[in-house]
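Okay, structure first, notes after.
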Amino acid sequence: GGGDGGAAQEKTTLTVGVVPVPSSAPLFIAEKNGFFKAEGLTVKTEIIQAPQAVMPKILNGSMDAFLTSYVSLLAINDSGAAKLRLFQHVQTAAPGIASVVVPKDSPIRTAADLKGKTVGVNVLKALGQTVTNAHLQQAGLKPDDVKFTAVPFADQLTALSTKKIDAAWLVEPFLTAARNDLGAVEIIDTTSGPTAGLPLDAWGVSEEWLTKNPKTAAAFHRALAKAQQVASADRNAINAVIPTYTQIPAAAASAMKLGEFSAEVDKASFQKLADLLHGYGYLKSKPDVTTMIPSKIG
Amino acid sequence: MIRRLAWYWLIPVAALAWEMVTRSAGAVYFPPPSTILARMREMAATEDVAADLVPSLARLAAGWALAAAAGVALGVLLGRSPLLAKLVEPMVHFGRSVPPAALLPVFLVFFKVGTPIQLAAIVYGVLWPVLVNSMDGARHVDTQYLDTAQVFHLPRWRVVLAAAAPKIFAGLRLSVALALIMMVISELYASSEGIGHRMREAEGSFDIPAMWAGIVLLGVLGVVLNGLFLAVERRALRWHRGRTAA
Amino acid sequence: MLEISNLSHVYGTGPGAHHAIEGLNLSVAEGELLCIVGPSGAGKSTLLRSIAGLIQPTGGEVRIEGKLVKQTPDNLAVVFQDYSRSLFPWMSVADNVALPLRRRKMDKQQRRAAAQEALESVGLAEAGKKYPFQLSGGMQQRVAIARALAYRPALMLMDEPFGSVDAQTREDLEDLVLQVRGHHKMTIVLITHDIDESVYVGDRVVVLSKAPAHVVGDLKVELAEPRDQITTREHSDFVHLRAEVGRLVRGLERTPA
Amino acid sequence: MLEISNLSHVYGTGPGAHHAIEGLNLSVAEGELLCIVGPSGAGKSTLLRSIAGLIQPTGGEVRIEGKLVKQTPDNLAVVFQDYSRSLFPWMSVADNVALPLRRRKMDKQQRRAAAQEALESVGLAEAGKKYPFQLSGGMQQRVAIARALAYRPALMLMDEPFGSVDAQTREDLEDLVLQVRGHHKMTIVLITHDIDESVYVGDRVVVLSKAPAHVVGDLKVELAEPRDQITTREHSDFVHLRAEVGRLVRGLERTPA
Amino acid sequence: MIRTLGVLGFLLVLEAAGRLGLIEALPPVSVVLVTAAGLAADGSFLSDVGATLTACAAGLLIAVVTAVPAGLLLGSVPAVERSVRPLVEFLRPIPSLSLIPLAMFLWTDSHDAKIALIVYTCSWPLLINTMYGLADVDPLAKDTLRGFGFGPMAVLWRVSLPSTAPFIATGVRIAVSVTLIVAVSVELLAGGGGGIGAYLVQAGSANRVDRMLAATVWAGALGLAANALFTAAERRLLRWRWAT
Ligand SMILES: Nc1ncnc2c1ncn2[C@@H]1O[C@H](COP(=O)(O)OP(=O)(O)OP(=O)(O)O)[C@@H](O)[C@H]1O
Ligand SMILES: Nc1ncnc2c1ncn2[C@@H]1O[C@H](COP(=O)(O)OP(=O)(O)OP(=O)(O)O)[C@@H](O)[C@H]1O
Ligand SMILES: [Mg+2]
Ligand SMILES: [Mg+2]
């Protein structure tokens, strides 16, 4: 890519919603390495929790792009409230980064033991419940055999250690904390087996934004893609930026297990995720993920 | 009866105006009332509404009653005892400024997920306006009433309660709507049924008419509960209305 | 019964402090009806509040039956000067009168009857069901009197109890107080601005000075009993005493703020 | 100046309704000082409120200078019976007195001076900076009087304005009212329970019946001017009139509730 | 003095409970307090506090200047009150959290959306308390001024408003903490342009429970300070009330 004249771009200042998790790292790598500047872009970030809450801002144009999980992307598109497009893939799951855990003295030891128990997930009818369901089914249980309840990740450890829930679906860095602080035991690795290799997070934009800002989109995409290259090649680059926009200390950032930062999403895995979600009834209609991946940006 | 209903003229007028505005604006987040009503009818037909309403309302009633009783009792106590007030007031003003959402980890330590934690959240949220109004009301009771009570050795707290009633009722009036709000908020996390849960679900899946259905339902509940409350208040404060009607 | 020694009271502190009472000594015998007269703002109500234990005087002491008054003593009733604010607006008139009787060993029926009787005695037989705000000023004042009378206290403190009623009713109420006192052996301290009244109802009249209040005159009233509105007031002793009290009151300068 | 014709007022409706005034006719000439006496609960305060336009009588009409009273007429002041509640607790005494003067063309300085002057005239020169609750009952009542006097209204309505002050102060205030009236050409309607007072200050005394109130006596008081607390009260005309009013008042039965 | 004792006692009890294992899973109070103290030197946290406070102040100000007059209107014209009541009662129980998407949609600036939600939520205690205060005004006080020929507006301004002031003051004190709660909650759930809530999101994503609690302590402490400020102002403005 090259920094061709910003004058031709529809807009040069972008507001991007970032979730303070490792997946947002490429954006900060791009910023740090001056990729945005080279494209004549100024990127402002706003800390968000999940894209659902900022959809109004996407729709009224006050936010340009945002970090989203694939599940959210699918859910939002399914609702018909907005047409979202996958702008740049970020992270694909690797084994051991999201698991169902139980307290160390819990009698629950296998997926089958979860029958009739309460499992905490961060959001209902989303990734956690979906991947857990897949493993429960493998263990011969029906999704209804387990009661899911929504507890924010940050509060899951408390809920788990005080036995207010029986098990929790956790991701990094909570997973490490659960292991280290509570001695929690992993009973299901939900990013392996039937749910291995699912795509996790990506940068999303609205279709409307894409058609309205083709030049800006191209420039922004070039910068992000470049940063994604850096991230996939050099774990240290990720480690270096994480403490700048999250409260994860440098040491913990380096020790954290991460998924795979690749350039492109694997369409088959994306479709598999969509099918799982639809299969459990979390999506109304069966989606075709290819429609969400723009053929060419710019 | 008809005369009473006539006072509700503003509701259809507002609904009509809203319908026209939303139709012409066509914003996704603001569906016209007709769409919302259609969605409500659809939900009523296809889903077990009672299964969500009943537990929500039961928690609402229990939580409100607990909070109101505790708020009035504590408020009057703090209002009348300067020593006690000094001792605990900082904690009160601290506590009431903490967002209930941020207190979830603390609640999680003490209460079981489900109804207990939801009840706790409702009580916590509703308590404060009742407490602050009762406290302020009890603190500034006309000294002549207190002197009279003292001379005749009348139970002081009853005089305080009656004299502070107008202000206590202001707090209670606030608390009714607040209880509905807390009912919803308490169901946002750690819950799998109830109106709030359904509203969050609707929000999560961008079922905007369903989200508005929840809002409308809350509004209607608010009008109904407030009507009940005012009926009780009219009886309790009859003396007050008569006296202050200029 | 009542011993007040060297009583002083100062409102506020610092330069804005107001000496309401200074070095006041007074004693009232059991069953006596003492009238207190004195200029407006002298400190009469303050004195009465000290006796009732409603304020802690800043100096001296009040003893009732030998016991130092710290809190409101038992078996005492007060008719406040500001009667309208001493009736509870949230209760009917009858309930207002009956309320203190809860401290007597009476059941609800008896309380109600006693309240009705007291209301009748002040000419308000039909007002029981009304609320205070529905009564005229003078009627409210009579309710406050009825409440105190129904209570039958050992010590009754009355702060200008007849200020808002017409002449005829006033006389009736004066006689009512005399009669109740006779029947029930009450000790009564009555503050009044009406010099004639003080002599007519009092066994003794105490004249207070302007603020800070202290006793400037203490007259025993020895008039034929039972007293009678017409004959007593015509009697030369009455006329003489009244002039005497008048002189004492008038002897004081006009009271400043 | 003031014409009241066939005035009636009923409080409440239905079986609990109370007829306070019925078919009352009365007229007051410009500059006249009319005293109204009548039993407690008769309807005197109700009458006064109707004149002031504070209540809409249920029947009949009140006219001031020919104009039907619907709202409170201009240039009128009221001293309420319940003076303590009519003073604003959030204002100093001086501010309370000065407040109505905002309707006069006066700047702040003048208002303050007028308030101070009025307070001095009622013997409260030094109370201006205090708050009402820091005053005794009688002092509060005098503040209410000062407020009305400072306003210099064309029509002044006073509801038992001297009920809570001592005898000496009461006489001073009576003379003050007479003097102010003379200086400023006010028309005054004064309700009182003191028959002597009604004759002493009034140009005319009207006696009301017990509720429902109507006029049962209307006496012209023709005493030598200027009046004087000692000589006027000694005068045989005074004694005669007083007896006459007394008879009219007493002629009424004891007022029931 | 007594206040300090009360707070100290409370903290000691909490600390003891934590140390004795009665409160598992949460860091002890002392740790939270030390973290909270540390935040005072954290520039980015302080700018978050600033963002939250400016939104609160703006929201409260707008709410007071709209809700109090509205309350005065509703409280003094019964026909208007009866007509508007159903609408008010319809709106009051709608949680501001449910309105976040709508506000975010209407206001392109997150900060403005946050202020709008604050205004919406904290108007109710002001409105209701003003109305109840108005119903509590002594009619004789109003008659007094009417007797001097003052018009309805003057009576409203000079009698009803000062009489109602204690109710309004209570409403303001309730509203102050409501502003904080709404601001933080909006920031927490929807970004809302930085602030303590955004800090909570960051701390939560990094599993820093101590920091989350410390930031929560800050929210409470800010509420406490605001309450002290408003109580002091009330004591000055409503001196006559505290003297009796
Ligand atoms: N607000 C009210 N509601 C119902 N009845 C009332 C009300 N105000 C007064 N009354 C009744 O009207 C009658 C006349 O009252 P009013 O206050 O005019 O008497 P008054 O002549 O001023 O008596 P007083 O000398 O005792 O002040 C009384 O019997 C009283 O009970
Ligand atoms: N709460 C108070 N604070 C300050 N000063 C007060 C207070 N109460 C009364 N005073 C002052 O104390 C003095 C005596 O008041 P008190 O009420 O005892 O007078 P009083 O003799 O009853 O007069 P009155 O006959 O007018 O009722 C007055 O000058 C008054 O200003
Ligand atoms: Mg007094
Ligand atoms: Mg009267």
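Quick notes on this structure:
- Criterion (among the β-branched types (Val, Ile, Thr) and within 29 Å of B:Phe206 (Cβ to Cβ)) met by exactly one of A:Val289, A:Val241: A:Val289
- In region D:45-54, of all residues being in contact with a strand residue (DSSP E or B) (Cβ under 7 Å, 6 or more places away or on another chain) and within 12 Å of chain E (Cβ to nearest Cβ), the one that is nearest to ligand 4 (Cβ to nearest atom) corresponds to D:Ser45.
- Some residue of region A:2-10 being under 19 Å from E:Gly194 (Cα atoms) and polar (S, T, N, Q): no
- Test: residue in region C:38-47 that is touching a residue at least 24 places away in the same chain (Cβ under 8 Å), away from ligand 3 (no atom under 16 Å from the Cβ) and buried (at least 21 other Cβ atoms within 10 Å of the Cβ): no
- If you go through region E:104-119 and keep only what is under 21 Å from B:Pro32 (Cα atoms) and touching a residue at least 60 places away in the same chain (Cβ under 8 Å), you end up with just E:Met104.
- Within region D:135-184, tally of residues that are closer than 27 Å to C:Tyr11 by Cα and basic (Lys, Arg): 3
- Residue within region C:65-83 that is within 30 Å of C:Lys130 (Cβ to Cβ), modelled with pLDDT under 95, of a type outside the set (Gly, Ala, Ser) and within 16 Å of ligand 4 (Cβ to nearest atom) present: yes
- Residue match in region E:218-238 (condition: touching a residue at least 40 places away in the same chain (Cβ under 8 Å) and on the phi > 0 side of the Ramachandran plot): no
- Residue count for region E:122-151 satisfying the condition of being more than 26 Å from the chain's Cα centre (by Cα) and away from chain B (no Cβ under 11 Å): 7.
- Set C:Gly41, C:Gly12: member being within 14 Å of chain D (Cβ to nearest Cβ) and either farther than 21 Å from D:Gly123 by Cβ or over 21 Å from the mean Cα position of the chain (by Cα) (or both): C:Gly12
- Considering C:Val239, C:Val245, the condition of being under 25 Å from D:Glu197 (Cα atoms), among the aliphatic types (A, V, I, L, M), within 13 Å of another protein chain (Cβ to nearest Cβ) and not in a strand (DSSP E or B) is satisfied by C:Val245 alone.
- Qualifying helices (runs of 4 or more DSSP H) (wholly inside region D:1-113; at least 1 residues being within 16 Å of ligand 2 (Cβ to nearest atom)): D:83-86, D:93-98
- Highlighted here are the helices (runs of 4 or more DSSP H) found entirely within region B:25-127 that include at least 3 residues which are surrounded by fewer than 19 Cβ atoms within 10 Å (Cβ to Cβ) and within 22 Å of the chain's Cα centre (by Cα): B:49-80.
- Residue check, A:Gly61 within 14 Å of chain B (Cβ to nearest Cβ) and surrounded by fewer than 23 Cβ atoms within 10 Å (Cβ to Cβ): yes
- Criterion (more than 16 Å from ligand 2 (Cβ to nearest atom) and either within 14 Å of the chain's Cα centre (by Cα) or within 26 Å of D:Ser50 (Cβ to Cβ) (or both)) met by exactly one of D:Glu117, D:Glu160, D:Glu174: D:Glu174
- Scanning region A:255-289 for residues being hydroxyl-bearing (Ser, Thr, Tyr) and within 19 Å of the chain's Cα centre (by Cα) gives a total of 3.
Yes/no per residue for (1) surrounded by fewer than 22 Cβ atoms within 10 Å (Cβ to Cβ); (2) away from ligand 4 (no atom under 16 Å from the Cβ):
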| residue | (1), (2) |
| --- | --- |
| D:Tyr131 | yes, yes |
| D:Gln134 | yes, yes |
| D:Ser164 | no, no |
| D:Thr192 | no, no |
| D:Gly202 | no, yes |
| D:Val206 | no, no |
| D:Ala211 | no, no |
| D:Lys220 | yes, yes |
| D:Arg242 | yes, yes |
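- Identity of the residue in region D:220-236, of a type outside the set (A, V, I, L, M) and within 19 Å of D:Leu176 (Cβ to Cβ), that ends up nearest to the other protein chains (Cβ to nearest Cβ): D:Gln229
- Hits in region A:115-140 (condition: free of Cβ contacts under 8 Å to residues at least 60 places away in the same chain and within 25 Å of B:Thr115 (Cβ to Cβ)): A:Lys115, A:Gly116, A:Lys117, A:Thr118, A:Val119, A:Gly120, A:Val121, A:Asn122, A:Leu124, A:Thr132
The values are calculated or read from the model by the stated rules, or taken from the named source; none is laboratory data. Bear in mind that the values here come from a model prediction, so they are computed numbers and not experimental data. Ideal geometry is used to build each Cβ from the backbone, glycine not excepted, and the neighbour counts take in all protein chains shown.
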